[in-house]
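The values are calculated or read from the model by the stated rules, or taken from the named source; none is laboratory data. All values derive from a computational prediction rather than experimental measurement. Don't worry about glycine lacking a Cβ; one is built from the backbone with ideal geometry, like all the others, and counts go over all protein chains shown. When the accessible area is computed, the model is the full protein with side chains, heavy atoms only, and any ligands, DNA or RNA have been set aside. Shrake-Rupley method; radii C 1.70, N 1.55, O 1.52, S 1.80 Å.
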Amino acid sequence: MRKFLYIFVAMLLCSCHVDYMSLGDSYVLIEDIFIAREKDKESHALEILIPDQVLNEDYDKSHIIAYQMPDSDSFRRCRIDIYKYFSDSTMQYQHEVDSLEVLLDSMLKIRDCYWIIRKKDCKVFGPMTESDFNRECKKRNIKLKMDKRYERRYTGS
């Protein structure tokens, strides 16, 4: 199922000009909106790790940290509807959609979401509240800092 999402994102990247910023070790910030990892350099297949709407980030050789305010309309349109369209199995589709809905619900409850990505094994921690995020950074000895930027980069919900 994920391979279809990777193919879709790869086609999107190849079909139009897409701004991206390298975060090191095949991790990228796409269009200042979401953070992904390049799964395959030849096909440019991406795995979305932190969904819309990433408002700030920082990184070093071992971690990426991000602040995100979820955009539920974009999340449903870009993640859940893609699974529905490319699904080859009703049960597989339902499992993926249920997982994404749970993720979206937890992001919307937190609203101001913080994330940590450990690069060496692509382990994603989040979404978290700011206090949980600060605790995790201290526990993991992460020295990265973000300037707080709370404005949305585009109009959305």
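Taken over region 79-127, the residue count meeting the criterion of being at pLDDT 85 or above and closer than 15 Å to Ile35 by Cβ is 14. Residues in region 1-60 that are under 22 Å from Cys137 (Cα atoms) and open to solvent by 80 Å² or more (accessible area, probe 1.4 Å) were compared, and the one that is modelled with the highest pLDDT is Tyr59.
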